[in-house]
């Protein structure tokens, strides 16, 4: 969480509070919407787990990590 509020160092308390309110209100809104759709609790859990898995898979595909080291990196031999 500290990385999320890092750009707001002058008002870290307010940024932390707003982030926490968003973390509490988002699941409450999710439960409210799903209960209005008459979805059972088990199906809510299955849906959110599947949705989280899909989002994680998409992020893994979109964020490329370098396979090789830097081009200017040199291997130093001790022999």
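When 77, 35 are screened for being loosely packed, with under 11 Cβ neighbours inside 10 Å, more than 22 Å from the chain's Cα centre (by Cα) and either at pLDDT below 75 or assigned to a helix (DSSP H, G or I) (or both), only 77 passes. Here residue 66 meets each of (1) modelled with pLDDT of 95 or more; (2) exposed (fewer than 10 other Cβ atoms within 10 Å of the Cβ) with one exception, condition (1).
The values are calculated or read from the model by the stated rules, or taken from the named source; none is laboratory data. Keep in mind the model is a prediction, meaning the values are calculated, not measured. We place every Cβ from the backbone using ideal geometry, glycine too, and count neighbours over all the protein chains shown.
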